[in-house]
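Working notes for the structure below.
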Amino acid sequence: MNVSRSSATRIAVLALLLVTSGCKTTTPTSGFELLAPMALREPMPPSELDRAVTALAAAALAGDQAQMDASLARVETLHDDEAIERAKQEHRPEMKGLVPLCIDLKNSTLDDPVAYREASKELLDSWSLHPDPALKARLQQAVNDDPLKLASERTWDYYESLFATTFNTVAEPVGGSLMWGVAIAPFRLASSLTHYAASMYSQPEISLQERQALAHRKQYLAEYPDASDAPAVREKVDDAQEDLDEMQAKHYVEKSWDALSAGKYWLAEMEADRALLVLPGDSDAVVAASIAQDRRRHHDELLTRSDTASPGTPDDLEPEALEALALRGDQLPLRGLLEALLASSKRTSARFDENPADTERDAIETERLYRVIDELRLLQEADPEGELADEAAYVLALAQYDLGFEIESWKKLQALAHEENTQSNMARHARSLLQDPWQNTYGNFERQKHRATQKEIRFRLFGGMSFGNRYDLPLGMSYLVELPNVAQALLTAPLRLVFGAWEPKGTDFKRPAATAGYRYLKQSGEGQHTREVAKWLYEYEVDRDNWVGAMSLYDLQPETDPTERIALSEKAASQQLAAADRAARRDWRGSILRGVVREYPDSDAGETAGFRLRQELEMLAPQRIRVTRSFFKENPHVAGPRGLALNPTLLDDDLRNGELHPMGVTLLGGRVIEIALVPESGDKDDPPFTVRERIDAERLSHTVALLDETVLMNDQIDELDAVQPDAFRDAYLERARLGLVNDPDMRASAESDYVYESLREQYGMVRGRDSILPFDLVFQGSLFDMSLGAFPRWRQPRETPDAFLYR
């Protein structure tokens, strides 16, 4: 059979299209129904089983024990295989676990919590294969909610923690020295035991687990004060409370001494009073309170004396000094200087306000300030050893600083600060200015740079040992305990110098210096050290990849390159775009994007920011609560006919008839939803094709109600599938459930961007589980002693979710 060339070509093209069509998806358009009709349960006459359950509920509310027993027996009789099959046909799966639910309803009327726990335990044992996992989880929680049992568990956790610490203290040095390190095993074991003893000495009087046990025992005594075992429990509570009071009193006394050392006498007295409130009559607290009160009274007396001091008169000055004090008219230099300084300070604070009208006035004030400085110099020359010589030098330094002569000003203040208080009235004032980080901003910047260098050197030499003492021991004992580790750190310092980081993760030694540098630029934008500080800050920002900060400092650099500036602006704009991606609220994103467009209009990132800002405005929605496709697959009833009623073809994994994108469905507020579909490319990693639908209030109400019920039930069944708190999400779901979303809240602060994800999306393909063994096998090597070994490390007991309340 002969086939023409054109026919063969058409056949080949048709075959190619058929093959490639399997790799693409047909994106649904307006001719495709994304939502199927809802199949709500139709009302029907109640059955005999329904009437029996209703009678049981009424008896439970009335507290009629006899009627509850009769109704429960009738429920058990009517709940047979035929009733279960009928409920299955009526799409009522909850009827399968009806009997244990009714038994739990009857048990919940018991007044004694202990009796309810015992009844719940009996119900769990009798119904080992519960058809309702949520009920099983709730019953198990009720059984475990025994204060004495919880106290015993926390006490056991404490002893297990002690055993784990002791076991690891011995196992790690012995097991880590089995290969090539046997000779130093005794040394490593001795060092480990020394640290163990130091850690045991530094432990608090009552551990965290014991504090939890104390709270549970107190709860038991509050609920059952007349129980038979109440005296024994009360004795344990008294012993633990005594240890807790001693620990808290000791902590408050230490804080009181720290406040005394810092000169905060009011705070020291308050902390000592707190210690006495916890432990009345504590000797250490009494001593601390007494010293704090004495020092506070002395401090108050000095303040009172300072407030009542009156200015003196220059009667004892030499005639030449009095002549130098006089200005034009009868004014003293103090008033003239004060006016000039205030006017100049006002001018300096507005130095960058380009107002030509102030130029002439600034020139007059500057000239006047120069005259005052000249007269102060005359005063110093006329009476260099007089009573006002130091005052004149001090005020002269302030005037020089105000005119921009920073170096000369601080040199004069340093000279005053080195004098004794008995010889100079202004020495302590000069020292106060030099040490004040808000006044001497450049001096503080230099000090912080020096401290950062010291911290870096200490870290390179001693590693983690440079962060201070790990144990609550006397200083000499601490050095003795840490001496072997210090020696090891020093010997391995060259390796850390080559291969290690200059700073530990999460620590920035130069950050205080950078803060001081920015403070200097803020206060002295045209100071004598501006270029120097700006150059250091620019290098600091570049080193930590903060391109926005580097861009703000680039124009202050001594040498600039237009090409480099363009590249830097592009990096800064891209960094701002990344910050917009991390912003949780739309008003924050909008503010950042507008800033990028305004500050970097000629950059590619600025163009992208403009496009995204317009997209934000076009896609504005009061809510963005998203339900992923994987969540729908894991909980199909939410997308089923009683919930959202998505078209089943969107979840059949067949790209040819359209498929829901992994992003799923987004609730946009009001009654509007956004359905994300796989694009025509068929690639689920590509941005989705989105379709917005306005649904009726009934469909929305059923959807959010079923969604909320599902996540709460999953949370009860599996503790790792916990729903995270979100007040604005809950507010919208509640209003949607009641049909009150026709007037949406458009505030950005009321927006929720919560995402409902499946367990697979949260934990990956396989969720990690704890090993059944109580220890982990660890392989460890040491470059210090060239040893290699393996040893078991006993795991510490896992903390309970409420442990942070007892720290």
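The values are calculated or read from the model by the stated rules, or taken from the named source; none is laboratory data. Source: prediction; values computed, not measured. Using ideal geometry, Cβ is built from the backbone for each residue, glycine included, and neighbour counts are taken over all protein chains shown. Just so you know, the surface numbers come from the protein's heavy atoms only, side chains and all, with ligands and any DNA or RNA stripped out. Shrake-Rupley method; radii C 1.70, N 1.55, O 1.52, S 1.80 Å.
Things to note:
- Test set (1) farther than 20 Å from ASP508 by Cβ; (2) of a type in the set (Asp, Glu); (3) more than 28 Å from the chain's Cα centre (by Cα) - GLU616 fails condition number: (3)
- Out of ALA605, ALA578, one residue alone is in contact with a Ser or Thr (Cβ under 9 Å, 6 or more places away or on another chain), among the hydrophobic types (A, V, I, L, M, F, W, C) and in a helix (DSSP H, G or I). It is ALA605.
- Taken over the stretch 671-687, the criterion of being among the small types (Gly, Ala, Ser) and either at pLDDT below 90 or open to solvent by 50 Å² or more (accessible area, probe 1.4 Å) (or both) is satisfied by SER681, GLY682.
- Of all residue pairs spaced 6 or more apart or on separate chains, those with beta-carbon atoms under 6 Å, a first member in the stretch 86-109 that is of a type in the set (D, E, K, R) and a second member that is open to solvent by 20 Å² or more (accessible area, probe 1.4 Å) and modelled with pLDDT under 85 are LYS96/ILE84; LYS96/PRO131.
- Selection from the stretch 761-787 of residues that are at pLDDT below 70 and open to solvent by 70 Å² or more (accessible area, probe 1.4 Å): MET765, VAL766, ARG769, ASP770, LEU783, PHE784, MET786
- Residue check: GLU205 meets all listed conditions (1) closer than 19 Å to ARG154 by Cα; (2) surrounded by 17 or more Cβ atoms within 10 Å (Cβ to Cβ) but one, namely (2).
- Qualifying residue in the stretch 615-638 (condition: in contact with a Gly (Cβ under 6 Å, 6 or more places away or on another chain), of a type in the set (A, V, I, L, M, F, W, C), in a strand (DSSP E or B) and within 30 Å of TRP588 (Cβ to Cβ)): yes
- Selection count, the stretch 256-272, where residues are open to solvent by 80 Å² or more (accessible area, probe 1.4 Å) and of a type outside the set (Ser, Thr, Tyr): 5
- The condition (being among the hydroxyl-bearing types (Ser, Thr, Tyr), modelled with pLDDT of 70 or more and surrounded by 10 or more Cβ atoms within 10 Å (Cβ to Cβ)) is satisfied by just one residue among SER47, SER21, SER7: SER47.
- Applying the set (1) open to solvent by 60 Å² or more (accessible area, probe 1.4 Å); (2) at pLDDT 90 or above; (3) under 23 Å from TYR754 (Cβ atoms) to ARG629 leaves exactly one unmet item: (1).
- From VAL672, VAL678, VAL711, VAL691, residue being of a type in the set (Val, Ile, Thr), touching a residue at least 12 places away in the same chain (Cβ under 8 Å) and in contact with a helix residue (DSSP H, G or I) (Cβ under 8 Å, 6 or more places away or on another chain): VAL678
- Residue in the stretch 699-710 that is at pLDDT below 90, among the hydrophobic types (A, V, I, L, M, F, W, C) and open to solvent by 20 Å² or more (accessible area, probe 1.4 Å) present: no
- Any chance LEU497 is at pLDDT below 70 and surrounded by fewer than 13 Cβ atoms within 10 Å (Cβ to Cβ): yes
- Test: ASP653 is more than 35 Å from the chain's Cα centre (by Cα), open to solvent by 50 Å² or more (accessible area, probe 1.4 Å) and at pLDDT below 90: yes
- Conditions (1) more than 28 Å from SER207 (Cβ to Cβ); (2) within 37 Å of the chain's Cα centre (by Cα); (3) assigned to a helix (DSSP H, G or I); (4) without any contact (Cβ under 8 Å) to a residue 24 or more places away in the chain; number of the one not met by ARG297: (2)
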